[in-house]
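*Asks:* Below is the structure I would like to discuss, written out as structure tokens.
What follows is calculated from the coordinates using simple rules that are stated; it is not laboratory data. Since the model is a prediction, treat every value here as computed from it, not as a measurement. Counting neighbours? That spans all protein chains shown, and the Cβs are built from the backbone with ideal geometry, glycine included.
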């Protein structure tokens, strides 16, 4: 916008030259000053409309005064509070060395006195004025004859911010009072520009302050998070779950974390480990749903060299890796029945045996298991051992869905916002309306979905502050995608599926489940689905598992 205004200013130079010639065309050779003053007044008003950039507008104003009215060497002094002096910020008709010399202390010379008093000074003859110091421009460089000077305070919101000074030759054929009116107009326009600049700066400062508040709130939340082992949330449901974790953290009791996918089960497991006496030992995670069945035993218990094709060296398993620490068994409901037997034995005896090995290896491991499945139903259908269920279900902890604890959403959103800002090199902030939109959303994907949405908002943000409309647009696209891909009503808080569910899929799903021994992760892989997509189809088609 500033560059465009400057380009327009350059284009208007030719128009000004033409206007000047028109104004000065008179049979007696005398300038029609009333027309010139009217033209200058109109042009000054146009400048504000073209640009609010002070450098562009003020420089052009001083140029108009010089070229059309003979009011020369206009200079605007602004006060430098740090150095406690007045310096020339904008000027017309001054050389660089003259600008550099134009420095006054408050009360020094005509300029300093006007700044100090806040009153207009009209000097009829600078040669007869003892306070005229000729510091900026040597008197020898000015025309001979009587030279007058105007010095007007620039007052913004009741405070003197600077001084507008300008020279006038007494040979001009018009009243000095007319020029004073014009110069007062220029001073008023400059004050208005500076007032607008102040408002813009204040707005930037408010935005910066808002960001600072966000950061302070985030630091407070992060402090609470550190004390709670990384858990963010002040809701009763979150505090209850965390309280259970902390109660048993220093014991050896096995903990079973229950809850929907995306509720932060791994985070709670790590919090338990951090709060336990094993915090300095390893925390090892095993995703039971992601390991092929033929590799389960080797993955958990390790293998000896030559125990199977490709076993070129002995390798410890996850139990040995976690010795002295915590072993987190995620998606434990997807364990094959054969591995359930071996896991139960390892838990009971605190010993494991590598594949291909003969030696019993003692292990000291704290077990934390997690699942989003109903283990009791799996036990009833014969897909999960009852004795292993009792062994794991010593301390069950139910983790609440995000929609059940909306009061935690603002703190979580700010946390994910900070992470996203750091990752993507942004400085986005969430406006109050944006947070309200996030709180009202049902979050079928829980905390993981919230993090994904916040990251998307940061990446798509066109302004520093993310507003309610921005959030609504992203959440609506999320709802629409769920609807199109899963074939369900927009308002239904269901998980996402790749395509609509068809009745003729039932037979393939049942067959694949049987072939995979009820392991849904491997069933999903065989069918080309994600685990969530498979679970949704099982639910819709009411397939017994």
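*Asks:* As a test, work out the antiparallel percent of DSSP beta bridges whose residues both lie in segment 236-400, rounded to the nearest 5.
*Replies:* Details: 4 of 22 bridges.
So the antiparallel bridges in segment 236-400 amount to around 20 percent.
*Asks:* Give me 516, 288 ranked fewest to most by other Cβ atoms within 10 Å of their Cβ, as a rough exposure proxy. Let's see the in-between values first.
*Replies:* On the way: 516 19, 288 23.
Ascending number of Cβ neighbours within 10 Å: 516, 288.
*Asks:* Next up: What does a probe at residue 285 reach in segment 519-545, counting residues whose amide N is under 11 Å from the point 7 Å along Cα→Cβ?
*Replies:* No residue passes the distance filter.
*Asks:* Assuming 0.36 nm per residue, please report the length gained on full extension of the stretch residue 184 to residue 315 beyond their Cα-Cα distance. Mind showing how you got there, number by number?
*Replies:* Details: separation 131, 0.36 × 131 = 47.16 nm, distance 8.84 nm.
Extra length available between residue 184 and residue 315 comes to 38.3 nm.
*Asks:* Here's a follow-up. Using the per-residue mean of other Cβ atoms lying within 10 Å as a proxy for protection, in what order, highest first, do the peptides 400-410, 88-98 fall?
*Replies:* Values: 400-410: 19.0, 88-98: 16.9.
Per-residue Cβ counts within 10 Å, averaged per peptide and sorted highest first, yield 400-410, 88-98.
*Asks:* Can you give the FRET efficiency to the nearest 0.05 for residue 468 and residue 407, using r as the Cβ-Cβ distance and R₀ = 25 Å?
*Replies:* On the way: r = 19 Å, r/R0 = 0.75.
Working from the Cβ atoms, E equals 0.85.
*Asks:* Give the calculated FRET efficiency between residue 192 and residue 239 to the nearest 0.05, with a Förster radius of 51 Å applied to their Cβ-Cβ distance. Mind showing how you got there, number by number?
*Replies:* Values: r = 55 Å, r/R0 = 1.08.
Result of the calculation: an efficiency of 0.40.
*Asks:* Quickly rank 438-448, 327-337, 505-515, 57-67 as a protection proxy: mean count of other C-beta atoms within 10 Å, highest first. Show your work: numbers first, answer last.
*Replies:* Numbers: 438-448: 19.3, 327-337: 23.9, 505-515: 15.3, 57-67: 21.8.
Per-residue Cβ counts within 10 Å, averaged per peptide and sorted highest first, yield 327-337, 57-67, 438-448, 505-515.
*Asks:* Oh, and also: Provide the FRET efficiency to the nearest 0.05 for the residue 42-residue 84 pair, computing r from the beta carbons and using R0 = 25 Å.
*Replies:* 0.05
*Asks:* What does the highest-first list of 383-392, 177-186, 265-274, 135-144 look like by mean Cβ count within 10 Å? Intermediate results must be reported in sequence, preceding the final value.
*Replies:* Numbers: 383-392: 18.6, 177-186: 17.0, 265-274: 21.8, 135-144: 12.6.
Going by the mean number of other Cβ atoms within 10 Å, highest first, we get 265-274, 383-392, 177-186, 135-144.
*Asks:* Additional query: How far, in nm, would the chain grow between residue 477 and residue 308 when pulled straight, counting 0.36 nm per residue and subtracting the alpha carbon separation? Intermediate values should be presented prior to the final figure.
*Replies:* Working: separation 169, 0.36 × 169 = 60.84 nm, distance 4.96 nm.
My answer for the length gained is 55.9 nm.
*Asks:* Additional query: Under a no-solvent Debye model with one identical scatterer per Cα of segment 327-392, what's log10 I(q)/I(0) at q = 0.11, 0.22, 0.29 Å⁻¹?
*Replies:* Debye intensities relative to I(0), on a log10 scale: -0.27, -0.96, -1.38.
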